[in-house]
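In what follows, a single structure is set out as C-alpha cells and then discussed.
The values are calculated or read from the model by the stated rules, or taken from the named source; none is laboratory data. It should be emphasised that the depicted structure is a prediction, and the values quoted were computed from it without experimental measurement. In this analysis, Cβ positions are derived from the backbone assuming ideal geometry, glycine residues included, and neighbour counts consider all displayed protein chains.
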Amino acid sequence: MKILIVGAGEVGFYIAKRLSEEKHDVILIDKEASKIKRVNENLDVKALLGQGTSPRLLQEAGIVGADMLVAVTDSDEVNLVACMIARKLNPVMTKVARVRNDEYLDPNLFDRELLGLDHIISPEHVLVRTILDLIEVPGASEVVEFVQGRVKLIGLNVSKYSALRGTPLSSFQNLKSNFLVGAVVRGGRLFIPRGQDTIRQGDLVYLVAKAEEVSNVLADVFKVSQEPVARVLIVGAGQAGTELAKLLEKKKIAVKLFEKNPEKCSRLAEMLEKTVVINGDGTDQELLLEENIGEMDLVVALTEDEENNVFVSLLAKALGAKRTITRISKIGYLPIVLTLGIDPVVNTRLSAVRAILQNIRKGRVISVAPLKGEHAEAIEAEALETSDIVNVPLSRVGFPKGAILATVVRGEEVIIPKGDTVVVPGDRLIMLALRDALPRLEKLLTVKLEYF
Amino acid sequence: MHWLVILRFIGLLAVFIAAAMLPPLVVSFIYETMDFYAILISIAVSLGVGVMLTALTAGEKGASINHRDGAAIVTFGWMWAGLIGVMPYLLYGAMPSFVDAYFESISGFSTTGASIIRDVEALPVGILLWRSMTQWLGGMGIIVLSIAILPFIGVGGMQLYRAETPSPVVDKLKPRISETARVLWKVYLLFTLSEIVLLAFGGMDILDAVNHSLCTIPTGGFSTRNLSIAYYDNAYFDSVIIFFMLLAGINFSLHYRFLKGNTGAFTRDPECRIYLIVVGCLIGLVALDLYGSVFESFWRSLRAAAFQVASIITTTGFATEDFDRWPSLSKLILLGCMFIGGMAGSTGGGMKVMRIVLLVKHAFQELFRIAHPHAVSAVKLGGKPVPGDVMSSIWGFSILYFLLFIVCTLAMCMVGLDMTSAFSSVAASIGNIGPGLGLVGPTLNYMDVPALGKWILIFCMLVGRLEVYTVLVLLTPEFWKK
C-alpha cells in the first residue's frame with residue numbers, strides 16, 4: 001500500500017515506522033526541516049519538506065496513486081484542509097485525520113462528505129474512553145473492548161494471590177472456560193502460551209472474557225479486589241481532564257480536579273457541578289496531603305507535561321493513593337515508565353496508531369489494538385466465506401505459529417474456542433498475534449490457500 | 001561497530017562480483033581465448049569465499065546498520081571489490097605485479113579509467129570485458145546495486161546509500177530506498193543498451209561497442225584500443241560518445257523524471273542548466289583556442305574540443321586527441337574541468353557542479369552581507385533555500401578535497417614525478433578522470449609511476465569516488481572510539 005502521512009510529529013513518525021517496517025510505501029510530509037532530518041536518518045520512507053496543505057506538494061508526493069492519507073499534524077485545521085484537498089485530488093483514497101477540537105466534529109457543521117473524511121481520530125476522546133475502561137476494571141493495566149464492548153481484553157499483572165499462579169494453563173482452561181489467556185509478557189518478552197505453560201507471579205497476562213464476567217474472573221481467579229472506585233483525583237484540567245471529570249460526575253464518583261491556571265479554575269467551577277476544583281500544582285506535596293491524597297482510590301495525571309505526570313503519579317503512590325493512571329506522550333518513554341511501577345499508562349498516540357492500523361489490515365478487520373507497545377496485536381475480524389478458517393474444526397485449521405484465536409462471537413453467543421469448535425461465516429473473531437505472525441494471519445483471514 | 005554485519009556484507013559482495021564475472025567467462029568461452037580458466041577460477045574462489053562468509057554470519061540477517069557501519073561497509077566493500085577484481089588479471093598474467101593489478105582494478109571500480117596496460121589490444125576479450133565490467137559496476141555503485149537486489153533492511157540500506165552516492169543531498173525517488181536504487185539501475189541499464197545499439201549501428205565491432213558503452217555510462221574511460229577513441233577517428237562515434245558522456249554527467253534522478261514524462265526535468269533544474277551552460281562555454285573557448293593553433297578546420301577544432309571537454313568534465317577520460325600538446329589555455333581549462341566534474345547524483349566524479357555553484361553563491365552572499373550588514377539572506381538553489389548543515393558539509397568537503405590534492409601532489413613529487421605529472425595525476429585520480437598531463441598524458445599510461453606512487457593514487461581514486469567523507473572518517477580516531 002502507498003500511504004501519505006502529513007505531520008512527522010510523534011504520531012506521524014511512529015506510524016511511518018510501523019508501516020515501513022511492514023513493507024508499505026510511506027511518504028511523510030512535514031514543514032519542519034529538523035523533523036524531516038530525523039525521519040531521513042531513522043526510517044526508510046520518503047520525507048518531503050513543506051506544507052501538507054499544499055496541493056502542489058501533495059501531488060509531488062504522489063497523492064494520485066496513493067491508497068491512504070493520514071493527517072496527523074498538531075493543527076486540526078491543517079489536518080482537515082489536507083483531507084479536503086486530498087478528496088479533490090484523489091477521491092478514492094482512504095482519508096484519516098486527527099481532530100482534537102470537538103466543535104469541528106459536530107455533524108451539523110460539516111458533514112463528512114464535505115471534509116472527505118473516512119475516519120476521524122480524536123485522541124482526547126479515545127483517551128477518556130480508555131481511562132473509563134480502566135476505572136471499570138480495577139487492577140487492569142490495559143483494557144480493550146471488542147464487539148461493541150461485549151468482549152474485553154484485559155492486561156493484568158499476576159499477583160502472588162492469584163489462583164492461576166503455578167498451574168498449567170490446560171488444567172485451568174478446561175475447568176473454567178469463561179476466559180482465555182491469550183498472551184503472556186515475561187521478562188519483557190511477549191509470547192502466546194500453550195496448554196502446558198504455567199503462569200508465574202509477576203507475569204503480565206492478556207486475557208479475553210465476556211464483559212459481564214470480567215469482574216468475576218478477576219476476583220475469583222486473579223484475586224484482584226473489585227471494589228468500585230469512589231474517589232478520584234485528576235491532575236490537569238485540559239480537554240481530557242475536564243471531559244473525564246464531567247463523565248465521572250455522572251457516575252456518582254467524587255472528583256477532585258487540580259489545575260494550575262486560576263482563570264481556568266474559575267471557569268471550571270462554573271461549568272462543573274459536584275467536582276471540587278482546586279487551584280494548585282499536582283506536585284505540591286502539602287497540597288496533596290491537604291486534599292487527603294491517601295484516601296483516593298485513583299489519581300489520574302493528565303497534564304500536558306508528561307515528565308510532570310510521571311512525577312505526580314510516583315508522588316501519589318508514595319503518599320498512599322491506591323491506583324494511578326498516567327498520561328505519557330512519547331512512545332519511547334513507555335518501557336521505562338512501566339518499570340517505575342506506575343502502571344497503567346495511557347497514551348494518546350497509541351490510540352491514533354490503532355485507528356490507522358485498522359484501516360490497513362487486510363481482510364474484514366474491524367478493530368486492531370497493539371499490545372505491549374508493539375510486539376503483538378489484538379485483532380477483531382469477521383470470518384469471511386472465502387477464508388480458510390471457516391467450516392472446519394479449529395484443530396484442522398493451519399493457524400499460524402504465534403497467533404491464537406481467543407474468542408468467537410456468534411450472534412448473542414460468546415464462545416471461548418476449543419479444538420472442535422467450528423467457525424462459520426459471519427462470526428466475529430478476536431485473535432492475538434505476534435507481529436511476525438501477522439502476515440500469515442492476514443492471509444488466513446482473506447483467501448483460501450488452495451495450493452498448500 | 002558491528003563487525004559481523006560488515007563481514008556479511010563483504011561476503012554478499014563477493015557473490016555479486018562472482019556473478020558479474022559470468023559475462024566475461026561466456027565471452028572468453030565463445031571466442032576460445034586463453035583467459036577462460038583464469039576467470040573460471042576467479043569466479044570459483046570469490047563465490048566460495050562469499051558463500052562461506054554469508055553462511056558464517058547468517059545470524060546477522062536483518063541486523064541494523066548505523067552511520068558508522070555504513071561508512072565502514074562501503075569503504076571496506078570497495079577495497080574488497082578491488083581485491084576480487086584483481087584475480088582474473090593476476091591469474092591470467094596480464095599484469096606484472098600485484099600493485100599494478102590492484103591499481104587497474106580500483107581504477108576500474110572507481111570509474112577512473114587510469115590504466116597501467118601498455119598494449120591493451122594484446123589482451124584477450126574476457127579480461128577486457130571484465131575490465132569494462134568493473135567500471136560499469138562501480139559507476140552506479142556496487143553497494144547501491146546490492147541494495148537494489150537484496151530485500152534489504154530498509155534503514156540500513158539508507159545508511160549505505162548515503163555513504164556511496166555522489167551527492168551532498170540524497171534524493172529519494174521512491175518511498176523505499178531499495179526501490180530508488182532499482183529505478184536508478186534501470187535507467188543506467190537502459191542508457192548502456194542504447195549506446196551499445198547506436199555504436200554497433202555505426203559499424204563498431206560488437207564487443208568494442210559493448211566495452212566502450214560499459215565504460216561511457218559510468219564515466220569510466222577504459223578503452224579496448226591503445227589509442228582510445230582516437231583509433232576510430234569517426235565523427236559519428238565521437239558524437240554518440242559525447243552525447244552519452246554528457247548524459248552520464250547529469251543527475252540520474254532527472255533522467256528518471258524525464259523518462260517518466262516530465263519533459264521539463266532538465267531545463268527546470270538549476271544545477272542542470274548551469275552544467276549545460278558551463279559545458280557549452282568551455283567547448284566554445286577550447287574550440288576557439290584550438291582553431292588555427294592546432295587544427296586548420298574550425299569543425300575539426302569544435303569536434304576535438306567538444307569530445308575532450310565532455311570527456312574530462314564528466315570525468316570519463318576517453319581521448320580522441322593528445323591534449324597534452326594543446327596550448328596552455330586549453331590545457332588549463334581541461335585541468336579546471338577535472339575539479340568541476342559532473343552533476344551531483346550523476347556517475348561523474350570531481351567536486352560536482354552543485355557544490356561549486358553553492359560555494360560561489362555562498363561567497364557572493366558574504367559580499368552582499370558586507371554591503372548590507374543587517375540584511376537577512378539565505379543561499380538558494382532554484383528558489384529553495386539550502387540548509388545550513390548542507391552548506392557547511394560542502395565547505396568541509398571542498399577543504400578536505402583540496403587539502404588531499406595538495407598533500408598527495410607533494411607526495412607524488414616526493415616519489416619522483418615532475419610537477420605537471422604529479423598534480424595532474426592526483427587531480428585525475430581524485431576526480432576519477434584517468435588521463436592527466438605530462439608523464440600520465442592521454443597517449444601514455446600509469447605504468448611508469450613508481451609503486452608507492454601507485455598506492456597513493458589508489459587511495460586518491462577511492463577517496464574521490466566515495467566523496468571524501470566516507471573514507472576519511474575511517475581515518476579519524478573519533479570513528480573507532482566506543
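Would you confirm, using the coordinates I've provided, whether A:Arg87 is buried (at least 16 other Cβ atoms within 10 Å of the Cβ), away from chain B (no Cβ under 14 Å), of a type in the set (D, E, K, R) and in a helix (DSSP H, G or I)?
Yes, satisfied.
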The listed residue being in contact (Cβ under 8 Å) with a residue 24 or more places away in the chain and over 22 Å from B:Met158 (Cβ atoms), out of A:Gly52, A:Gly12, A:Gly62 | A:Gly52
Failed item in (1) within 14 Å of chain A (Cβ to nearest Cβ); (2) polar (S, T, N, Q); (3) farther than 25 Å from B:Thr75 by Cβ, with B:Ser393 passing the rest = (3)
Scanning segment B:167-186 residue by residue, those within 11 Å of chain A (Cβ to nearest Cβ) and either under 17 Å from A:Leu48 (Cβ atoms) or assigned to a loop (DSSP other than H, G, I, E, B) (or both) turn out to be B:Val169, B:Val170, B:Asp171, B:Lys172, B:Leu173, B:Lys174, B:Pro175, B:Arg176, B:Ile177, B:Glu179, B:Thr180
Being on the phi < 0 side of the Ramachandran plot, surrounded by fewer than 22 Cβ atoms within 10 Å (Cβ to Cβ) and in a loop (DSSP other than H, G, I, E, B) is the filter here, so list the residues in segment B:438-482 that pass it.
-> B:Gly441, B:Thr443, B:Leu444, B:Asn445, B:Pro450, B:Thr476, B:Lys481, B:Lys482
Criterion (modelled with pLDDT of 90 or more and buried (at least 17 other Cβ atoms within 10 Å of the Cβ)) met by exactly one of B:Leu190, B:Leu247 = B:Leu247
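Answer yes or no: is there a residue in segment A:310-330 that is assigned to a strand (DSSP E or B), of a type outside the set (A, V, I, L, M, F, W, C), touching a residue at least 60 places away in the same chain (Cβ under 8 Å) and touching a strand residue (DSSP E or B) at 6+ places or on another chain (Cβ under 8 Å).
Taking segment A:310-330 and keeping what is assigned to a strand (DSSP E or B), we get A:323-327.
Next cut, of a type outside the set (A, V, I, L, M, F, W, C) only: A:323-324, A:326-327.
Remaining after also requiring touching a residue at least 60 places away in the same chain (Cβ under 8 Å): A:323, A:327.
Now restrict to residues that are touching a strand residue (DSSP E or B) at 6+ places or on another chain (Cβ under 8 Å): A:323, A:327.
So far as segment A:310-330 goes, yes, one or more of its residues are assigned to a strand (DSSP E or B), of a type outside the set (A, V, I, L, M, F, W, C), touching a residue at least 60 places away in the same chain (Cβ under 8 Å) and touching a strand residue (DSSP E or B) at 6+ places or on another chain (Cβ under 8 Å).
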Filtering segment A:57-84 down to residues that are in a helix (DSSP H, G or I) and within 25 Å of B:Asp171 (Cα to Cα) yields A:Leu57, A:Leu58, A:Gln59, A:Glu60, A:Ile63, A:Val64, A:Gly65, A:Ala82
Output the number of the condition that B:Phe222 fails; it satisfies all remaining conditions of (1) touching a Ser or Thr at 6+ places or on another chain (Cβ under 9 Å); (2) hydrophobic (A, V, I, L, M, F, W, C); (3) assigned to a helix (DSSP H, G or I).
-> (3)
Which one of these is within 29 Å of B:Val463 (Cβ to Cβ) and without any contact (Cβ under 8 Å) to a residue 60 or more places away in the chain: B:Ser392, B:Ser301, B:Ser297?
-> B:Ser392
Kindly state which helices (runs of 4 or more DSSP H) lie completely within segment B:263-372 and contain at least 1 residues that are buried (at least 20 other Cβ atoms within 10 Å of the Cβ).
-> B:270-290, B:298-313, B:328-340, B:353-371
With the condition kept exactly as written, say whether any residue in segment A:221-234 is closer than 25 Å to A:Glu124 by Cβ and assigned to a helix (DSSP H, G or I).
-> no
Could you tell me which residue of segment A:14-44 is farthest from the other protein chains (Cβ to nearest Cβ), considering only residues that are in contact with a Pro (Cβ under 7 Å, 6 or more places away or on another chain) and not β-branched (Val, Ile, Thr)?
-> A:Ala33
Might you check whether a residue that is crowded, with 22+ Cβ neighbours inside 10 Å, part of a helix (DSSP H, G or I), of a type in the set (Asp, Glu) and away from chain A (no Cβ under 14 Å) occurs anywhere in segment B:198-210?
-> no
Could you check, for segment B:105-124, whether at least one of its residues is in a helix (DSSP H, G or I), within 14 Å of chain A (Cβ to nearest Cβ) and crowded, with 19+ Cβ neighbours inside 10 Å?
-> no
In the list A:Ala47, A:Ala71, A:Ala61, which residue meets the criterion of being at the interface with chain B (Cβ under 10 Å from one of its Cβ atoms) and touching a helix residue (DSSP H, G or I) at 6+ places or on another chain (Cβ under 9 Å)?
-> A:Ala47
So B:Glu164, is it surrounded by fewer than 21 Cβ atoms within 10 Å (Cβ to Cβ), under 30 Å from A:Asn42 (Cβ atoms) and either out of contact with any Lys or Arg (no Cβ under 8 Å at 6 or more places or on another chain) or within 14 Å of chain A (Cβ to nearest Cβ) (or both) | no
When restricted to A:Val158, A:Val151, the only residue within 17 Å of A:Leu432 (Cα to Cα) and touching a Lys or Arg at 6+ places or on another chain (Cβ under 7 Å) is A:Val151
